[in-house]
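Notes for the one structure printed next.
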Amino acid sequence: MAIKIAQEPHADEVLNSSPFALVVGMMLDQQYPMEHAFRGPAKVLDRFGNFDPAAIADAEPEAFADLCSTPPAIHRYGRSMAGRLQELARHIVEEYDGDASRIWTEPRTGKALFDRIRALPGFGEQKAKIFTALLAKQLDVKPPGWTTVVGDYGKKGYRSVADVVDAESLQKVRDFKQIAKKKAAAQAAEMSSG
């Protein structure tokens, strides 16, 4: 299945052709609309000329931050995300010889896959669960035990970016997140008043 998270043909093609771009899109998916986060790699490719982790890791930090923060920026916080992107690129170069696909082609268990993703700079526990689910649902990367490590993100439904395959599913995920936020706010208010 072709990835269509960015909802923009060129950006989605970059995600489909570059494992590193997919990892970067997931890293950028925070405090920013998910489809825009996943368009970030295409913006970097178009401005920088390539999307090679080694080249990005070695880029002059200030110039790279300028490139990432030029409107339309890769993220609401373009400069700080440029630094995170370079840190992530260095990790991919040092741990995987620049081949991001090794993150998910080598592990033999869901826990090993999750642990590799969790070790990526900019990936907390929830983001690692969601990316593990994305790999399973959209790239058919399903080592034994993957459903255990991702919890609810492995279920059918529209919970996260792992479930986005078109504009309709993107809206359903957005709706799910809004309902979850309202529930969390109501619970917090109930706890503070009780």
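Taking all Cα pairs closer than 8 Å and separated by 6 or more residues, the relative contact order of the range 41-194 comes to 14 percent. With runs of 4+ DSSP H residues as the only contributors, calculate the mean residue ellipticity of the chain at 222 nm using -39,500 (n - 2.57) per run, divided by the residue total and rounded to the nearest 500. Result for the chain: -19500 deg cm²/dmol, rounded to the nearest 500. Only the Cβ atoms of Lys and Arg (+1) and of Asp and Glu (-1) were treated as charged; on that basis the dipole of the range 57-119 about its Cα centre amounts to roughly 460 debye.
Where the accessible area of the chain is counted over protein heavy atoms with a 1.4 Å probe, how much of it, in %, is carbon and sulfur?
52 percent
Our compactness index for the range 67-155, the C-alpha radius of gyration over the empirical 2.2 N^0.38 Å, is 1.18. Mean projected area of the Cα convex hull of the range 1-93, taken over all directions, amounts to 5.2 nm². Length, then width, then depth: along the principal axes, the Cα atoms of the chain run 52, 39, 32 Å. Pairs spanning more than 21 Å between alpha-carbon atoms, out of LYS111/LYS155; LYS142/LYS172; LYS43/LYS111: LYS142/LYS172; LYS43/LYS111. Averaged per residue, the chain has 50 square angstrom of accessible surface, using a 1.4 angstrom probe with ligands and nucleic acids left out. When only Cα pairs below 8 angstrom with a gap of at least 6 residues are kept, the range 1-67 shows a relative contact order of 29 percent.
About its Cα centre, the range 1-114 has a charge dipole of approximately 400 debye under the convention of +1 per Lys or Arg Cβ and -1 per Asp or Glu Cβ, with nothing else charged. Counting only alpha carbon atoms, the long axis of helix 78-96 and the longest principal axis of the chain meet at about 80°.
The residue list TYR96, SER17, GLN7 was ranked by how far each Cα lies along the charge dipole of the chain toward its positive end, using unit charges on Cβ atoms, and GLN7 comes out on top. In the chain, the longest principal axis of the Cα atoms and the axis of helix 19-28 are about 60 degrees apart.
This model, with +1 at the C-beta of Lys and Arg and -1 at the C-beta of Asp and Glu, gives the chain a dipole about its Cα centre of some 980 debye.
In straight-distance terms, cross-link reach from LYS182 covers every one of the aspartates and glutamates whose alpha-carbon lies under 18 Å from its own, apart from those fewer than eight places away in the same chain; here that gives GLU190.
The values are calculated or read from the model by the stated rules, or taken from the named source; none is laboratory data. Model, not experiment: these values are computed from the prediction. When we count neighbours, we look across all protein chains shown, and the Cβ atoms used for this are built from the backbone with ideal geometry, even at glycine. We work out accessible area using only protein heavy atoms, side chains counted, and drop any ligands, DNA or RNA first. Shrake-Rupley method; radii C 1.70, N 1.55, O 1.52, S 1.80 Å.
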